[in-house]
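Only one structure is covered here, and it is reproduced in the block below.
The values are calculated or read from the model by the stated rules, or taken from the named source; none is laboratory data. A quick note: this is a predicted structure, and the numbers were derived from the prediction, not measured. Reconstructed Cβ throughout: ideal geometry from the backbone, glycine too, with neighbour counts over all protein chains shown. Only protein heavy atoms, including side chains, enter the accessible area calculation; ligands, DNA and RNA are left aside. Shrake-Rupley method; radii C 1.70, N 1.55, O 1.52, S 1.80 Å.
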Amino acid sequence: MTVERSRVQSTPRTAVVWQVLRAELAARDGEPLSVVDVGGGTGGFAVPLAAAGHHVTVVDASPDALAALSRRAADAGVADRIAGLQGDAGDLPSLVAAGSVDLVLCHSLLEVVDAPEWVAAALAGALRPGGAVSVLVANRAAAVLSRAVGGHLAAAAALLRDPDGSTGVRDTLQRRFDTASATALLSGAGLVVERVHGVRVVADLVPGALLDAEPGATEALAAFELAVAGQAPYREIATQLHLLARRPAGHADTH
């Protein structure tokens, strides 16, 4: 079973991530996988994956999000393939058995947690040997450029100087990444990074009114995102970076 292609490509902001996930699922020859979505919220990724025949566990700290997930799963007819567990990334080892998962999603979390190295190790520990993790993180370069272009030069300079890529205590994110720092974080957890793509290279810059008014514009934007996501220098200025990393086969469990 595969995730429906038309559904994936209709959303420019997620088209790149879905393209990578689709390839990972296709490599498993239709085998139903065990998937964990850490911070998966209301099921934007979980429900389509369950509809494709996979068993998905969503770990999220918000009871309201998990309640919405349950309703969404029921409406989609996949409630039997989705489980919601309340907790955060730090609870993962107590919620998911070590070495039991084929695919872990960790999207927009590593920039807000207190201990990203610990979370990365927990993601790796949940995977079976050969299993993969899909990681989506905020990109420092995009944040610097967007603030500078918007005239917020002091904030842009602070982001540029700060070793974690934060503007300070009022920043909603504790850190931002580049390809090297994100790769180093996952590699330190024993994972092998196989692919890095830019997500939302220009999607945040195209006016919504244009997409609404111009027939085919949304599909054209999604196609453009897919075309430039893996190319330098476009990848380096995307709003987010997406990494697919793998736990090597035969990797001994240390958690």
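Per the listing Ala115, Ala156, Ala98, Ala120, the residue uniquely in contact with a His (Cβ under 9 Å, 6 or more places away or on another chain) and over 20 Å from Val199 (Cα atoms) is Ala98.
Scan segment 205-242 for residues that are without any contact (Cβ under 8 Å) to a residue 60 or more places away in the chain and acidic (Asp, Glu) and the total you get is 2. Could you tell me whether Pro163 is part of a loop (DSSP other than H, G, I, E, B) and under 27 Å from Ala245 (Cα atoms)? Answer is yes for this residue. Examine segment 164-173 for a residue that is among the basic types (Lys, Arg) and in contact (Cβ under 8 Å) with a residue 40 or more places away in the chain, and state whether such a residue exists. No, segment 164-173 contains no residue that is among the basic types (Lys, Arg) and in contact (Cβ under 8 Å) with a residue 40 or more places away in the chain. Just one of the numbered conditions (1) over 13 Å from Arg13 (Cα atoms); (2) surrounded by 12 or more Cβ atoms within 10 Å (Cβ to Cβ); (3) under 19 Å from the mean Cα position of the chain (by Cα) is not true of Val144; which one? Failed condition: (3). Among strands (runs of 3 or more DSSP E) entirely within segment 7-116, having at least 2 residues that are open to solvent by 20 Å² or more (accessible area, probe 1.4 Å) and touching a strand residue (DSSP E or B) at 6+ places or on another chain (Cβ under 8 Å) singles out 55-60, 82-86.
Would a scan of segment 37-47 turn up a residue that is among the aromatic types (Phe, Trp, Tyr) and either touching a residue at least 40 places away in the same chain (Cβ under 8 Å) or in contact with a Phe, Trp or Tyr (Cβ under 8 Å, 6 or more places away or on another chain) (or both)? Give the steps one after another, and end with the answer.
Here is the first cut: in segment 37-47, the residues among the aromatic types (Phe, Trp, Tyr) are 45.
Next, only the ones that are either touching a residue at least 40 places away in the same chain (Cβ under 8 Å) or in contact with a Phe, Trp or Tyr (Cβ under 8 Å, 6 or more places away or on another chain) (or both) stay: 45.
Checked against the condition, which is being among the aromatic types (Phe, Trp, Tyr) and either touching a residue at least 40 places away in the same chain (Cβ under 8 Å) or in contact with a Phe, Trp or Tyr (Cβ under 8 Å, 6 or more places away or on another chain) (or both), segment 37-47 yields at least one hit.
Being open to solvent by less than 20 Å² (accessible area, probe 1.4 Å) and within 17 Å of the chain's Cα centre (by Cα): is that true of Ala156 here? Give the steps one after another, and end with the answer.
Numbers: open to solvent by less than 20 Å² (accessible area, probe 1.4 Å): yes; within 17 Å of the chain's Cα centre (by Cα): no.
It is false that Ala156 is open to solvent by less than 20 Å² (accessible area, probe 1.4 Å) and within 17 Å of the chain's Cα centre (by Cα).
The residue that is most open to solvent (accessible area, probe 1.4 Å), counting only those in segment 174-193 that are hydrophobic (A, V, I, L, M, F, W, C) and touching a residue at least 40 places away in the same chain (Cβ under 8 Å), is Val192. Among the numbered conditions (1) under 16 Å from Ala229 (Cα atoms); (2) open to solvent by less than 30 Å² (accessible area, probe 1.4 Å); (3) outside any strand (DSSP E or B), the only one that Asp171 does not meet is (1). The set of residues in segment 198-228 that are open to solvent by 70 Å² or more (accessible area, probe 1.4 Å) and either closer than 22 Å to Leu145 by Cα or outside any helix (DSSP H, G or I) (or both) comprises Leu205, Pro207, Glu214, Pro215, Phe224. How many residues, within segment 123-141, are out of contact with any strand residue (DSSP E or B) (no Cβ under 7 Å at 6 or more places or on another chain) and open to solvent by 50 Å² or more (accessible area, probe 1.4 Å)? Result for segment 123-141: 1.
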